[in-house]
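Trainee: Dropping a structure here in structure tokens format, bear with me for questions.
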Amino acid sequence: IPTAFNPDGTIYEKGLRNIVRFIMPHVHGFFPIGTYGSGPLMNLTDRKRALEIIIDEVNGEIPLIAHVGSADTNSAIELAKHAKASGAQAVAAISPYYSPNLPQDYLFRYFADIVDAVGDSNFPVFLYNNARHSGNNISPELLRRLAAYGLGGCKESSFDLIHYHFFQEAVKDFPDFNLIIGTEAIFVPAFQMGATACVCGIANVYPELVRKMYDEYMAGDIKAALKTQKHVLNVREVTKLGNSFAIVHYILKLRGVDAGMCKRPLLPIPEDLEKKIKQSLI
């Protein structure tokens, strides 16, 4: 989910609580302080504070997988320990960003250190595979190695169903491993391949639409789910007309949600793009 900010870059608590209340009735869980949550744009103090606000507003109604990925291991562990103590149900971490193309042994140690610090049978650690943002792609062999070590799950955001398949093959001997898809763009085919959960960026602005697709699929109405999938893709394209973080904040405003603004260096979208987006969504 997005994090709301004031114009000076501080956390806008009221706006963040507004976002939680807007999305929560339609979803089964939250993945806060991740990409849309601007985690990498915040210092550790603000990341902790944002998570505390979200956990307080959720008040135990749905589970949270708190994103704690950082450029360095110590920061990720500090955030993971804080998330566990604050009431999150799990943590997830993207590969170390700003250190691209790390050897697989380096990546193993990064995630293994987080598992060692907080992971147990009641508190899983997820790997967030997003090479586009981290510069480090996780191989199926590394995922299997980490699953054997105690990794509890993976948010797979390569947008590649073939890669998703080989991830499934890698962890097939670990029945409790949660391999979830990290985009609504391939929701239906990923679920047909066996995915059981999805972290959906579009659910930040149209949570009821993504929930409709989920409910149709789970009810066995694949034809209806595919029709909604196409609708979701069309809406998704609108969010890609400019910076998607800023566009999400603008669409929330259109929907009557006071969600503050994105954090610099991200800027609000220009007026001409506002008009284009508004016309596209009507």
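Trainee: When you look at Pro63, is it within 22 Å of Leu151 (Cα to Cα) and either surrounded by fewer than 24 Cβ atoms within 10 Å (Cβ to Cβ) or of a type in the set (S, T, N, Q) (or both), yes or no?
Mentor: yes
Trainee: Just a yes or no: is a residue in segment 114-121 modelled with pLDDT of 95 or more, out of contact with any His (no Cβ under 7 Å at 6 or more places or on another chain) and of a type in the set (S, T, N, Q)?
Mentor: Checking segment 114-121: not a single residue is modelled with pLDDT of 95 or more, out of contact with any His (no Cβ under 7 Å at 6 or more places or on another chain) and of a type in the set (S, T, N, Q).
Residues checked against (1) among the charged types (D, E, K, R); (2) in a loop (DSSP other than H, G, I, E, B):
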| position | (1), (2) |
| --- | --- |
| Val91 | no, no |
| Tyr97 | no, yes |
| Phe108 | no, no |
| Phe111 | no, no |
| Arg132 | yes, no |
| Leu143 | no, no |
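Trainee: I've got another one for you. Scan segment 146-164 for residues that are in a strand (DSSP E or B) and either farther than 24 Å from Ala66 by Cβ or open to solvent by 10 Å² or more (accessible area, probe 1.4 Å) (or both) and report the count.
Mentor: Matching residues across segment 146-164 total 1.
Trainee: Inspect segment 44-56 for any residue being in contact with a Gly (Cβ under 7 Å, 6 or more places away or on another chain) and charged (D, E, K, R) and give the result as yes or no.
Mentor: Yes, there is a match, as at least one residue in segment 44-56 is in contact with a Gly (Cβ under 7 Å, 6 or more places away or on another chain) and charged (D, E, K, R).
Trainee: Mind checking which residues of segment 165-194 are closer than 18 Å to Phe126 by Cβ, among the hydrophobic types (A, V, I, L, M, F, W, C) and either in contact with a Gly (Cβ under 9 Å, 6 or more places away or on another chain) or assigned to a loop (DSSP other than H, G, I, E, B) (or both)?
Mentor: Correct list: Val171, Phe174, Phe177, Leu179, Ile180.
Trainee: Give me a count of the residues in segment 72-114 that are open to solvent by less than 20 Å² (accessible area, probe 1.4 Å) and of a type in the set (Val, Ile, Thr).
Mentor: Residues in segment 72-114 being open to solvent by less than 20 Å² (accessible area, probe 1.4 Å) and of a type in the set (Val, Ile, Thr): 3 in total.
Trainee: State all residues of segment 1-56 that are closer than 16 Å to Ala80 by Cβ, open to solvent by 10 Å² or more (accessible area, probe 1.4 Å) and touching a residue at least 40 places away in the same chain (Cβ under 8 Å); if no residue qualifies, say none.
Mentor: Phe31, Pro40, Met42
Trainee: Let me ask something additional. Find the residue count for segment 115-138, including only residues that are surrounded by 15 or more Cβ atoms within 10 Å (Cβ to Cβ) and farther than 11 Å from Ile94 by Cβ.
Mentor: Looking only at that region, the number is 8.
Trainee: Residues in segment 174-194 that are surrounded by fewer than 16 Cβ atoms within 10 Å (Cβ to Cβ), more than 23 Å from Gln229 (Cα to Cα) and touching a residue at least 24 places away in the same chain (Cβ under 8 Å): how many?
Mentor: 1
Trainee: Shifting gears a bit: Hey, can you tell me all the residues within segment 245-262 that are surrounded by fewer than 21 Cβ atoms within 10 Å (Cβ to Cβ) and of a type outside the set (A, V, I, L, M, F, W, C)?
Mentor: Listed by number, the residues that qualify are Lys253, Arg255, Gly256, Asp258.
The values are calculated or read from the model by the stated rules, or taken from the named source; none is laboratory data. Since the model is a prediction, treat every value here as computed from it, not as a measurement. Glycine also receives a Cβ, built like all others from the backbone with ideal geometry; neighbour counts cover every protein chain displayed. Remember, those area values only see protein heavy atoms, side chains included, never the ligands or the DNA or RNA. Shrake-Rupley method; radii C 1.70, N 1.55, O 1.52, S 1.80 Å.
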